[in-house]
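Every read-out reported here was derived from the displayed coordinates using simple, explicitly stated rules and does not represent laboratory data. Keep in mind that this is a model prediction, so the values were computed, not measured. All Cβ positions, glycine included, derive from the backbone under ideal geometry; neighbour counts span all protein chains shown.
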Amino acid sequence: MVLAMNEFEQLARDVRVFATEVRKRGFRVRELSVKDIAGLTEARVEIESVALRLAIERGDVRWETKIVAAHHLLERTSVVDDDGWVLGQWVAHHRDFHQALTAGCNNARLQEVILRLRARAELYRRWWWALATDRHRDLVAEHRQLMELTLARNADAAIEALAYHIKRAPDQLIAYAREHGLDDLNGPSWQAG
């Protein structure tokens, strides 16, 4: 499902109104910006690359088995429902697959950072999905390639594939924002009327 610009602007206004109400009750809603998504993406690529390299060096057969099992579930789960909305079950399997890839690093602190960064990126991923016009992305092939390169212990190629995989949606979201003059995703054109 692709939203027309006026539908997207209405959605943004609704989100702003909700965010304002939530703030009044003492909750904090994260601001969305091109600068934030760029920094978040860079951090994810760097940190997940380190963890993947360590996992490839340290991982054992149990780690490999978890990758294969997580990939099997992910590959057999539909990404979207009949209306084009991303399914929660796919999001969970996607998270589990990426956790399995880096779990072999055997470093709980590193895994904790990765999980926090991935959770912060989820909102942007969902915005990208709502705006995406490039629905020809072959996520099945990307994940299969990540699994195969990791299991083959080809660290450099696996890290290159992971970086591409992580950057693709944020790069498209940033391009969309800039194309529509939305460098600050919370700017004046997004204010509630």
(message) Need one number: nm distance between label points at A152 and V140, each 7 Å from Cα along Cα→Cβ, rounded to one decimal.
(response) 2.0
(request) Determine, for H180, H71, the number of other Cβ atoms within 10 Å of each Cβ, and report the residues in order from fewest to most. (result) H180, H71
(message) Restricting to Cα pairs below 8 Å that are 6+ residues apart, what does the relative contact order work out to for region 34-182? Please round to a whole percent.
(response) 37
(request) Just grab the label-to-label distance for V68 and A108, each label 7 Å out from Cα along the Cβ direction, in nm (one decimal). (result) 2.9
(message) How would W128, W85 line up from fewest to most surrounding beta-carbon atoms within 10 angstrom?
(response) W85, W128
(request) For each of D96, D138, count neighbouring Cβ atoms within 10 Å of the residue's Cβ, then give the residues from fewest to most. (result) D138, D96
(request) For region 34-182, state what percent of all Cα-Cα pairs lands in each successive 10 Å bin, counting from 0 Å until the bin that includes the largest distance. (result) 11, 41, 36, 11, 1
